[in-house]
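K.L.:
Before we start, here is the structure in question, set down as structure tokens.
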Amino acid sequence: MSAKTILQIKNLDISFRTNAGVVHAIRGINLDLQKGETVAIVGESGSGKSVTMKAAVGLLDSNATVNSGEILYTYDDGHGQDKTVDLLKLSKKQLRTEYNGQRLAMVFQDPMASLNPRKKVGDIISEGMDIHHRFANRQEREEKISEMLKKVGLSPEHAARYPHQFSGGQRQRVGIARALIMNPKLIIADECISALDVSIQAQVINLLHDLQERMGLTYLFIAHDLNIVKYISDRIAVMYLGSMVELATSDELYANTLHPYSKALLSAVPIPDPKLEAQKKRQIIEGDVPSPINKPKGCAFSSRCPLACDKCRQSAPTLKEAAPGHFVACHLVEAQS
Ligand code: SF4
């Protein structure tokens, strides 16, 4: 592991017991996050991106089994030494009390649903501080809340208001303030801007960028479309039916998309210029993601891929480096020699 690696997902493999049988939700994925980096995991519903996120924060459902793997989180122990823990080995209580909020924190998709409507915003933001008694007195608590509200572009007066008195974008700022109050270094953002209007999305992305620079944050974004993560991600991992099918820097992925599934996801992203949009060749993928119980033989994407051949239906491609730092799992893409 590099000295700068903050999170390392190693060979993560997870299944679920369901009434219909065992669902293999995550199939041996690997992903590293470097300190200060933003990585997005993108895929449709059923791709496994949310299960990966839940595993990292101890929110896996009780019917889940981790078949193998580690999620190694490295942090400064407060004495200048790096400490590494396997988040999968921590109890839910340890994750909740020692890690979530303090060392890693989450920003949720729907700010209205994740904020208690009966609590004032100041009390919502200070939840973590209150639980861990991170202030000497009431005045210090109020000062920390005011400072955090200002950091996310709100004003100290907002602390006395309730969530319903805010717009959607402002509520997401409250959610971000709540996540940051304990000064975590890793933020896991679950579709955190997809519910917002496009103009507000840009504002929240700018805010996240700004906070990243000022606070040295590392972000793991979970998203269902490539458009949303384009401007914030350093690297993007595309997942399909529990496997990673492409991983590259954001610039490389948009300029040199290799996997047919990523191409289809990208062709669904509208281009702002109407002329270019009209000229664009759209690559529609038919149907929905198959159930993981009935995963196609061979390449998991073969039932929807316009380029599928016999080999694709027989054997599953593995993730190979096709260009420096650009990994893809497709039989039609040559690996770098
Ligand atoms: Fe399509 Fe075959 Fe590549 Fe799978 S391996 S993505 S089916 S071309």
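K.L.:
With the requirement that a residue be at pLDDT 85 or above and of a type in the set (S, T, N, Q), what does region 97-120 give you?
P.N.:
ASN116
K.L.:
Further, regarding this structure: What number of residues within region 128-139 are open to solvent by 60 Å² or more (accessible area, probe 1.4 Å), assigned to a helix (DSSP H, G or I) and under 20 Å from MET215 (Cα atoms)? Talk me through it step by step, then tell me what you get.
P.N.:
Here is the first cut: in region 128-139, the ones open to solvent by 60 Å² or more (accessible area, probe 1.4 Å) are 131, 133-134, 136-139.
Add one more test, that the residue is assigned to a helix (DSSP H, G or I), and what stays is 131, 138-139.
Going one step further and asking which of them are under 20 Å from MET215 (Cα atoms), we end up with none.
Count: 0.
K.L.:
Something else now. Could you tell me how many of the residues in region 164-179 are open to solvent by 50 Å² or more (accessible area, probe 1.4 Å) and not in a helix (DSSP H, G or I)?
P.N.:
Residues of region 164-179 that are open to solvent by 50 Å² or more (accessible area, probe 1.4 Å), as a first pass: 164-165, 167, 170.
Imposing the further condition that a residue be not in a helix (DSSP H, G or I) reduces the set to 167.
Going through region 164-179 one residue at a time, the tally reaches 1.
K.L.:
Please work out if CYS330 is under 29 Å from GLN34 (Cα atoms) and either among the β-branched types (Val, Ile, Thr) or near the ligand (Cβ under 8 Å from one of its atoms) (or both).
P.N.:
Working: under 29 Å from GLN34 (Cα atoms): yes; either among the β-branched types (Val, Ile, Thr) or near the ligand (Cβ under 8 Å from one of its atoms) (or both): yes.
Yes: the conditions hold for CYS330.
K.L.:
Could you check how many residues of region 141-163 are touching a Lys or Arg at 6+ places or on another chain (Cβ under 9 Å) and open to solvent by 50 Å² or more (accessible area, probe 1.4 Å)?
P.N.:
Adding up the residues that qualify gives 6.
K.L.:
Follow-up question, since we're still on this one. Would you confirm, using the coordinates I've provided, whether SER47 is assigned to a loop (DSSP other than H, G, I, E, B) and open to solvent by less than 30 Å² (accessible area, probe 1.4 Å)?
P.N.:
Working: assigned to a loop (DSSP other than H, G, I, E, B): yes; open to solvent by less than 30 Å² (accessible area, probe 1.4 Å): yes.
So SER47 passes the test.
K.L.:
Among the candidates LYS93, LYS35, LYS4, which residue alone is charged (D, E, K, R) and touching a Ser or Thr at 6+ places or on another chain (Cβ under 8 Å)? Give the steps one after another, and end with the answer.
P.N.:
Values: LYS93 fails: touching a Ser or Thr at 6+ places or on another chain (Cβ under 8 Å); LYS4 fails: touching a Ser or Thr at 6+ places or on another chain (Cβ under 8 Å).
The unique qualifying residue is LYS35.
K.L.:
Residue pairs, Cβ under 6 Å, 6 or more apart or interchain, first in region 250-264 and within 10 Å of HIS326 (Cα to Cα), second more than 10 Å from the ligand (Cβ to nearest atom) and in a helix (DSSP H, G or I). List them.
P.N.:
Matching pairs, first to second residue: THR257/LEU266.
K.L.:
Taking interchain pairs and intrachain pairs at least six residues apart, which have beta carbon atoms under 8 angstrom, with the first residue in region 186-214 and open to solvent by 30 Å² or more (accessible area, probe 1.4 Å) and the second basic (Lys, Arg)?
P.N.:
Close Cβ pairs satisfying both conditions: ARG214/LYS151.
K.L.:
Inside region 50-68, can you point out the residues that are touching a Lys or Arg at 6+ places or on another chain (Cβ under 6 Å) and either at pLDDT 90 or above or in a helix (DSSP H, G or I) (or both)?
P.N.:
Pass one, region 50-68, residues touching a Lys or Arg at 6+ places or on another chain (Cβ under 6 Å): 58, 60, 63.
Passing the criteria: only ASN63.
K.L.:
With respect to LEU87, is the statement that it is among the hydrophobic types (A, V, I, L, M, F, W, C), out of contact with any Asp or Glu (no Cβ under 9 Å at 6 or more places or on another chain) and either in contact (Cβ under 8 Å) with a residue 24 or more places away in the chain or open to solvent by less than 50 Å² (accessible area, probe 1.4 Å) (or both) true? Step through it out loud before you land on a result.
P.N.:
On the way: among the hydrophobic types (A, V, I, L, M, F, W, C): yes; out of contact with any Asp or Glu (no Cβ under 9 Å at 6 or more places or on another chain): no; either in contact (Cβ under 8 Å) with a residue 24 or more places away in the chain or open to solvent by less than 50 Å² (accessible area, probe 1.4 Å) (or both): yes.
The answer is no for LEU87.
K.L.:
For region 227-325, which fully contained helices (runs of 4 or more DSSP H) count at least 1 residues that are within 16 Å of the ligand (Cβ to nearest atom) and at pLDDT below 90?
P.N.:
Values: elements: 250-255, 260-267, 274-279, 310-314.
Hits in region 227-325: 260-267.
K.L.:
Inspect region 204-216 for any residue being modelled with pLDDT of 90 or more, assigned to a loop (DSSP other than H, G, I, E, B) and in contact with a strand residue (DSSP E or B) (Cβ under 6 Å, 6 or more places away or on another chain) and give the result as yes or no.
P.N.:
Within region 204-216, not a single residue is modelled with pLDDT of 90 or more, assigned to a loop (DSSP other than H, G, I, E, B) and in contact with a strand residue (DSSP E or B) (Cβ under 6 Å, 6 or more places away or on another chain).
K.L.:
Which one is modelled with the lowest pLDDT among residues in region 217-226 that are of a type outside the set (A, V, I, L, M, F, W, C) and in a loop (DSSP other than H, G, I, E, B)?
P.N.:
First pass over region 217-226, keeping only residues of a type outside the set (A, V, I, L, M, F, W, C): 218-219, 224-225.
Restricting the remaining residues to those that are in a loop (DSSP other than H, G, I, E, B) gives 224-225.
Values: HIS224: 86, ASP225: 82.
Of everything passing the filter in region 217-226, ASP225 is modelled with the lowest pLDDT.
The values are calculated or read from the model by the stated rules, or taken from the named source; none is laboratory data. The structure displayed is predicted, hence computed values, not measured ones. Cβ coordinates were reconstructed from backbone atoms using ideal geometry, including for glycine residues, and neighbour counts include every protein chain displayed. Ligands, DNA and RNA are excluded from the accessible area calculation, which covers all protein heavy atoms including side chains. Shrake-Rupley method; radii C 1.70, N 1.55, O 1.52, S 1.80 Å.
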